[in-house]
Every structure is written in C-alpha cells, then in structure tokens.
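The values are calculated or read from the model by the stated rules, or taken from the named source; none is laboratory data. Since we're looking at a predicted model, the values are computed, not measured. Quick reminder, even Gly has a Cβ in these numbers, built from the backbone with ideal geometry, and neighbours come from all protein chains shown. Calculation scope for accessible area: heavy atoms of the full protein, side chains included, ligands and nucleic acids excluded. Shrake-Rupley method; radii C 1.70, N 1.55, O 1.52, S 1.80 Å.
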Amino acid sequence: MGKAIGEVLPFAVGVAISPLAIVAVILVLFSARARVNGPVFALGWIVGVAVVSTVIYLLADAGDVSSGGSGSDTSYWLRLVVGVLLVLFAFRDWRKRPAESEADAQPKWMSAIDTLAPVKTGGLAVALAALNPKNLALSLAAGASLAQAGVSGGEATVGLVVFVVIASLSVIVPVVTYLVGGDRAAGVLEGWRTWLSTNNAAVMAVVFLIFGVVLFSQGLRGLT
C-alpha cells in the first residue's frame, strides 16, 4: 500500500497546484449560488481527476508496463516526452507573466462564473480537471508509475483514491473554508484569489519546471 501511495503522491501534489482552478472555485464561492455551486464545483473536479487518472492507469496496466521489455521502455519514453513538454510549458508560462498593470486581468470566461447554473458549474470543474495539459501529463505519469510498480488491484485502488484526494484538496479546502468559516472566510478567500491571480503564470512555470525535470530524469534513467 505504501508503495502505491509513494508512486502517485508527487504527481497528485502537482495536480493540486492549479491556480486557475483555485481562482475559479473562489469566484464560484462569491456568486449568488455559492452554497450549491461550491460543493458542485468540488464534486466536478473530483470526478474529472478520478476519471482521467483511472482510465490512464487501466490503459497503462493493460499495456503491462510492469512486465519489462518494450512495455517498460514505453513507460520510460512516456516520462521522457512528458518531461520535455512540461519544461517547454514552464518556459512558455514564465515568458507570458503579466506586467503589473495586467496582474488583475483574468480570462473572459471567469466573468460569467457567477451566472452559471449548477450543471454548468460542475461541467466547468470537470473540464478544468480533465482537459488541463498539466493535469493530463501528471495523471499520465502517475498512472504509468502505478502500473509499472506492479502493485495488486487493491493497492492500486488505494493509490488512485489517494491520488484523487490529494489532487482535489486545493479545490476542497476553499469550499470547506467558505462553508464553515463564517464572515472571516470571504476575506481569506479574497486574499488567496488576489495572490493567485497575480502569480498564476509564475507558479505554473515553477511547477512545470520541477515536474518536467523529475519526469525527464526518471525516463532517462530508466532507458539508460
């Protein structure tokens, strides 16, 4: 069990560090339907992460990447390629850091968040969780690592559950803070939103770089 958790934990942390999604859920919590849409957003995120990570693990396990040979090499090549892509994403995000005058700018779709119905709010959360290139890359790496570790079905299930829970904490915590924090919650959440909106590109660049280097080194080490 510990082996399965150890395989997925770093990648789960990487998925959890999603400033855009955290800003989105905070905006949901400032909307008129916050007490409904907040939990719905968290549930949508959990579903998105769970579906992607489970499908990727099942595909990797079906490919028998734990058996050695070409399957194992495929896993290492995947890490190598994903690592290179993440490093490229890091340079892209670092270069597009906003100037101070643009720091408070946010994507146009965020301005419509406070008008979304619960179904659309859940769909937005699923999309942010499942279609984000960073999350896809890290889920791919986590699924491949878990399959390559050769853990049993029960251990793999525990690993996937831990992956989903850790990857979802950054969305769950703001919702819980809003629901139980009372009047103080609004000020706390606004502080988080302001900081993340200002530093989104820089945070993502650092995350991409760290995980890109880690995956690239793992792939290179496995192939050599």
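Of all accessible surface on the chain at a 1.4 Å probe, what whole percent is carbon and sulfur? Intermediate values should be presented prior to the final figure.
Working: 7380 of 10850 Å².
Of the solvent-accessible surface of the chain, carbon and sulfur hold 68 percent.
With a probe of 1.4 Å, find how much accessible area the chain has per residue, and write the answer as a whole number in Å².
48
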Q) Picking from LEU58, ALA130, GLN148, whose Cα lies most toward the positive end of the charge dipole for the chain (charges on Cβ: Lys, Arg +1; Asp, Glu -1)? A) ALA130
Q. What lysines sit close enough to LYS108 to cross-link, taking a C-alpha to C-alpha distance under 26 Å and skipping anything fewer than 8 places away on the same chain?
A. LYS96, LYS120, LYS134
Q. Can you pull the Rg over Rh of the chain, Cα-only, Kirkwood?
A. 1.01
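Counting only helical runs of four or more DSSP H residues, what would the 222 nm mean residue ellipticity of the chain come to if each run contributes -39,500 (n - 2.57) and the total is spread over all its residues?
On the way: 8 runs with 181 residues, N = 224.
So the helix-based figure for the chain works out to -28500 deg cm²/dmol.
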Q: Given the options ASP93, ASP114, ASP183, state which has the largest fluctuation in a GNM of the chain using a 10 Å cut-off (strictly under) for Cα springs.
A: ASP183
Q | Candidates THR54, THR121, THR194: whichever shows maximal mean-square fluctuation once the chain is modelled as a Gaussian network with Cα springs under 10 Å | A | THR194
Q. In the Gaussian network model of the chain, springs joining C-alpha atoms below 10 Å, which of PRO39, PRO118, PRO174 carries the largest mean-square fluctuation?
A. PRO118
Q. What is the helix-to-structure angle for 19-29, meaning the angle in degrees between its Cα long axis and the longest Cα principal axis of the chain, kept from 0 to 90 and rounded to the nearest 10?
A. 40
